[in-house]
Amino acid sequence: VREAVPADFGAMIALWNRSVEAGEVVYAPIDEALFQAKLARPDAIMLVAEADGQLAGWIHGVADSGHADVPGYLTVIFVAKAFRRQGVGTALLRALEESFRALGKEMIASSGNNPVRLRWCVPGTPSHDHNNAPGVDEECAGYPFLIANGLEPKFHEVAMYMNLADYTWPKKMDDIRDKLLQEGIYVGRYDGASELGYD
């Protein structure tokens, strides 16, 4: 396990995209420009595991604050299929934890508070995306891996989705709107022409 260098980025991106294509993660595919913009940031810790001269896996974390009470954020961890269940992921996670400790961090977290703000795709949709990954997908292999390595789930986020092409206005909403209007409350789309004091 060592720090990632620019010469590793192509293999790291390829491993990310293979995991996306295999449906192992909810992230969108990534290219070099997005990798550079989102992940190769000054406060990033990027570590790779190398075996037999090839990339066995990599991990990314961010320590965007010097305050000990702000956790170091685990962004992603990927292990190539040929190297899974051999301790590669655990070695990467421990190395990230040590890097965070060296920066004065007392906690590690994977949550929507991560400043990297990764885009993710809503499962079961044709790549409809959301603007910020909420943490760890409970359906991916990373969830039991992190539990087995001492991380504890602290809260669950429920992401709900509706394809608006399937949306129809419920008839009962007309009755609710009429009732509210009788109380002086208008509910409807903002049209910009209303004098409501908004810019």
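The values are calculated or read from the model by the stated rules, or taken from the named source; none is laboratory data. This one's a predicted model, so the numbers in the text were calculated from it and none came from an experiment. Note: ideal-geometry Cβ built from the backbone for every residue, glycine included; neighbour counts use all protein chains shown. Calculation scope for accessible area: heavy atoms of the full protein, side chains included, ligands and nucleic acids excluded. Shrake-Rupley method; radii C 1.70, N 1.55, O 1.52, S 1.80 Å.
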Contacts under 6 angstrom Cβ, first residue in segment 162-182 being open to solvent by less than 100 Å² (accessible area, probe 1.4 Å), partner in a loop (DSSP other than H, G, I, E, B) and hydrophobic (A, V, I, L, M, F, W, C), 6 or more apart: Arg177/Val187; Leu180/Val187
Residues located in segment 52-65, provided they are in a loop (DSSP other than H, G, I, E, B) and open to solvent by 40 Å² or more (accessible area, probe 1.4 Å): Asp52, Gly53, Asp64
Meets criteria (open to solvent by 60 Å² or more (accessible area, probe 1.4 Å), on the phi < 0 side of the Ramachandran plot and among the hydroxyl-bearing types (Ser, Thr, Tyr)) for Tyr190: yes
Selection count where residues are more than 20 Å from Glu98 (Cα to Cα) and small (Gly, Ala, Ser), scope segment 17-64: 8
Residue match in segment 92-102 (condition: polar (S, T, N, Q), surrounded by fewer than 16 Cβ atoms within 10 Å (Cβ to Cβ) and out of contact with any helix residue (DSSP H, G or I) (no Cβ under 6 Å at 6 or more places or on another chain)): no
Filtered residue count, segment 17-34, keeping only those that are assigned to a loop (DSSP other than H, G, I, E, B), at pLDDT 90 or above and open to solvent by less than 30 Å² (accessible area, probe 1.4 Å): 1
Residue in segment 85-107 that is touching a residue at least 12 places away in the same chain (Cβ under 8 Å), in contact with a Pro (Cβ under 6 Å, 6 or more places away or on another chain) and either in a loop (DSSP other than H, G, I, E, B) or more than 22 Å from Trp16 (Cα to Cα) (or both) present: yes
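Which of the following residues is modelled with pLDDT of 90 or more and out of contact with any Gly (no Cβ under 6 Å at 6 or more places or on another chain): Glu152, Glu157, Glu195?
Values: Glu157 fails: modelled with pLDDT of 90 or more; Glu195 fails: modelled with pLDDT of 90 or more.
So the residue among Glu152, Glu157, Glu195 that is modelled with pLDDT of 90 or more and out of contact with any Gly (no Cβ under 6 Å at 6 or more places or on another chain) is Glu152.
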Whichever residue in segment 123-161 is open to solvent by 80 Å² or more (accessible area, probe 1.4 Å) and aliphatic (A, V, I, L, M) and, among such residues, is farthest from Val26 (Cα to Cα): Ala148
Failed item, numbered, when Gly23 is tested on (1) touching a strand residue (DSSP E or B) at 6+ places or on another chain (Cβ under 6 Å); (2) without any contact (Cβ under 8 Å) to a residue 40 or more places away in the chain: (1)
Residue satisfying condition, being modelled with pLDDT of 95 or more and either assigned to a helix (DSSP H, G or I) or open to solvent by less than 50 Å² (accessible area, probe 1.4 Å) (or both), within set Ala82, Ala68, Ala37, Ala49: Ala49
Hits in segment 112-122 (condition: open to solvent by less than 90 Å² (accessible area, probe 1.4 Å) and either under 14 Å from Asp64 (Cβ atoms) or part of a loop (DSSP other than H, G, I, E, B) (or both)): Gly112, Asn114, Pro115, Val116, Leu118, Val122
Filter result for Pro42 (in contact with a helix residue (DSSP H, G or I) (Cβ under 6 Å, 6 or more places away or on another chain), more than 24 Å from Gly150 (Cα to Cα) and open to solvent by 40 Å² or more (accessible area, probe 1.4 Å)): no
